[in-house]
Amino acid sequence: MQVASIQKRHSPKLTKRMTSLTSTAMFITPLAALLAIWAIVVPIFDINPRIFPSLGMVGTAAMDSIRDGTLIWHIGASLMRVGLGTIIGVVLAVPLGIAMGVSPGVSAFLTPLFRFFSVLAGIAWIPIATLWFGYGFGAIIFVIVNAVFFVVAYNTLLGVSTIPRSLRNAAASLGAGRWAILTQVLLPGALPNIVTGIRTGLGFAWRGLIAAEMIATNVGLGYMLFVARDFYRTEVIVLGMVIIGSIWLLIDRMLLVPLERATIERWGLVRRA
């Protein structure tokens, strides 16, 4: 009887752990299969390294870049830029998205502008950003902020719009002021959408970052790819692509997905099982 009780108590934890392991295995298996195909196909067809490098060449390039410190330098510069640009974009976008969700007049006035500029957000701003800020830090941050701003603002608008009007009125009738309604009703209610917008916007930010670094700076993963192309160093180009994809997968899976899930369970419509 006691053994059965212990098994029943621990079975949810065991099931959750098995589910997590299965999910991790399903996530890693396609990547491992891709590496295996790469390791087999390139030597078999004797592909010219200038066209596409072998897995061993990329590994050697990675070790050389780590030893001389250039890889860490490029990764650090890119992470710092995308982090700062994302923070600025979110800080600017959330208040505007809330204002649009609360005020029909503001929403009606700004929605056409949002639809127009959302198509241009990110990479399309690189040429004019370099004219305004020069080739360097300011231009890259401007591009990243543009990539994040419109996505987060629009998702914030959607989040606020889904909060029932009756809920706001009920809070006001109970004596809640504007600040209390903002911090205790609007922000918590919109937070699942805001986190989703940050997750999507950060993906756009990475694309804008790499494109801007190819043009507007002398350090960063995008710059590393651009310089390697001039010297036909395909192993460095592929290494940069692998690192960019790996960093994004780690950020998305280790940080953004758990944050989005926890936010939805806490303030959304999904409850923790």
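Any read-out appearing in this document is the output of simple, stated calculations on the displayed coordinates, not a laboratory observation. The shown structure was predicted, so the numbers you read here are calculated from the model rather than taken from an experiment. Here the Cβ positions follow ideal geometry from the backbone for every residue, glycine too, while neighbour counts run over all protein chains shown.
List of remarks:
- Nearest-ten-degree value, helix 221-230 long axis tilted from longest Cα axis of the chain: 30 degrees
- Fewest-first ranking of 100, 80, using other Cβ atoms within 10 Å as the exposure measure: 80, 100
- Degrees, to the nearest 10: 55-68 long Cα axis against longest axis of the chain: 80 degrees
- Span per principal axis, largest first, for the Cα atoms of the chain (Å): 73, 72, 30
- With at most 10 other Cβ atoms within 10 Å, longest stretch of the chain clear of loop trypsin sites (Lys or Arg not before Pro) (DSSP): 51-270
- Rounded, prolate or oblate (a/c below 1.5 giving rounded, otherwise prolate when a/b exceeds b/c) for the stretch 164-245 by Cα gyration tensor: prolate
- When the Gaussian network model of the chain links Cα atoms closer than 10 Å, the mean-square fluctuations of 30, 112, 188 top out at 30.
- Per-selection Kirkwood Rh - the stretch 60-160 (Cα, Å, 1 d.p.): 15.2 Å
- Helix 104-120 axis, angle to the chain major axis (alpha carbon atoms, nearest 10°): 10 degrees
- Residues residue 24 and residue 137, FRET efficiency given R0 of 45 Å [Cβ-Cβ distance, rounded to 0.05]: 0.75
- Ascending count of other beta-carbon atoms within 10 Å, so fewest first, for 140, 247, 51: 51, 247, 140
- From its DSSP helices (H runs of at least four residues, each -39,500 (n - 2.57)), the chain gives a residue-normalised ellipticity at 222 nm of -27500 deg cm²/dmol.
- Each of 125, 132 has some number of other Cβ atoms within 10 Å of its Cβ, and from fewest to most they run 132, 125.
- In order through the stretch 132-146: 3J(HN,Hα) via Karplus (6.51 cos²θ - 1.76 cosθ + 1.60), integer Hz, x for Gly, Pro: 6, 10, x, 8, x, 4, x, 5, 5, 4, 4, 5, 5, 4, 4
- Modelled label positions at residue 180 and residue 249, each set 7 Å beyond Cα in the direction of Cβ, lie 4.9 nm from each other.
- Near the amide H of residue 54, within less than 5 Å, lie no amide hydrogens of residues on another chain or at least 5 residues away, with H placed in the peptide plane.
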